[in-house]
Amino acid sequence: MEYIERRIKIGEADPAALLGANDVHLHILESRFPATIIFRNNTLSLRGSPEEITQLEHVISEMLYVLKRKGALTTSDVEEIIELVNGTPAPKDAAERSHAKGASNNDVILWGRKDPIRPRTARQREYVEKVHRSDIVFAIGPAGTGKTYLAVAMALAALRANQVHRIILTRPAVEAGESLGYLPGDLYEKVHPYLRPLLDAVADMVSPEKLKSLNEKQLIEIIPLAYMRGRTLNNAFIILDEAQNTTIGQMKMFLTRLGHGSKAIITGDVTQIDLASRAQSGLLDVQEVLRGIEGIEFVYFDKSDVVRHKLVMDIIDAYERSQRQQQSSSSEQPLS
């Protein structure tokens, strides 16, 4: 059998945190991979078959990434990374721990600053699967169902895997009528209030230093929808948020920006349309116009997918009851 050797320098990472107390993380690696692993002089030396070494390099890279983002690394993290990389089932006790947490080990989208980001409901898993297989996905449903948060996680994961060259985040600035020139400040100051939810999602997943670096390298672009006109976006992961507040013309304009090697996720809640006329909503219109086109898919969330505070579901319930009562009262009024 052919054997190869690789050396991985761990840089500024804390060896004790990476290898675990009493080298417990190192022992996990040794129990799961036949390869020889030796740590000396801030370097991990690996010797084994080409396939084993390739997998080990990926595992160690993920361990370093998680340690940097979280500031700590647990045995559960190491076991999840191993299964994520090579699909090998974790030992029984690890699998039971993961089952108790209500999540499988192979559905992590992105390792965030504190915890792995993964779908938490069946509808969210459907959402992730459709984004993986299609270039345009519409995610429609109430607030708190993870539409935007998961979209940002998938975009960052695609950027990290070099599947795209940049991320573009956009929203319609309805309150300003898309005429932002009259507002004080530069472009960032003008659009910041409208794009804050997207910024919050990104900031929850990457460090301030990393976000600053991504902005400076123009790997993440955050712009109002009005500034999309006339552009062709190649090799990009594009997220249009609050799409219920786009007009029919704006929706068409946005969708026709998609270039080679790009993906687009369009999120919105059709119960929160802020346009003067509900019939103008591009998100309502597009569900009929584009339905059935191969490569375009729709995911519909409902209140059972809410993953925010437990009261959010109660609030949605209350508004739905109120709307039904209003509709019932209106239908019962006698004609004059």
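Here are a few things to note about the model shown:
- Between HIS165 and GLU126, the distance separating the two model label sites (each 7 Å from Cα on the Cα→Cβ line) works out to 3.6 nm.
- Residue-normalised accessible area of the range 205-336, given per residue in Å² at a 1.4 Å probe: 59
- Across the range 135-150, computed HN-Hα scalar couplings (Karplus, 6.51 cos²θ - 1.76 cosθ + 1.60, θ = phi - 60°) run 8, 10, 10, 9, 10, 10, x, x, 4, x, 9, x, 4, 6, 4, 5 Hz from first to last residue, x flagging Gly and Pro.
- Accessible area ranking (1.4 Å probe, heavy atoms, ligands and nucleic acids excluded), largest first, for ARG125, ARG118, ARG278: ARG278, ARG125, ARG118.
- In terms of the mean number of neighbouring beta-carbon atoms within 10 Å, the peptides 134-141, 267-274 order highest first as 134-141, 267-274.
- Using distinct alpha-carbon pairs, which all enter the 1/r mean, Kirkwood radius of the range 206-336 in Å: 17.9
- FRET efficiency estimate (nearest 0.05) - Cβ-Cβ, ALA203 to LYS9, R0 30 angstrom: 0.50
- Of LYS263/LYS303; LYS70/LYS252; LYS68/LYS252, those spanning more than 32 Å from alpha-carbon to alpha-carbon: LYS70/LYS252; LYS68/LYS252
- Between the range 276-299 and the range 122-152, the C-alpha centres lie 15 angstrom from each other.
The values are calculated or read from the model by the stated rules, or taken from the named source; none is laboratory data. All values derive from a computational prediction rather than experimental measurement. Neighbour counts run over all protein chains shown; Cβ positions are idealised from the backbone, glycine included. Protein only, heavy atoms only, side chains kept; ligands, DNA and RNA dropped before computing areas. Shrake-Rupley method; radii C 1.70, N 1.55, O 1.52, S 1.80 Å.
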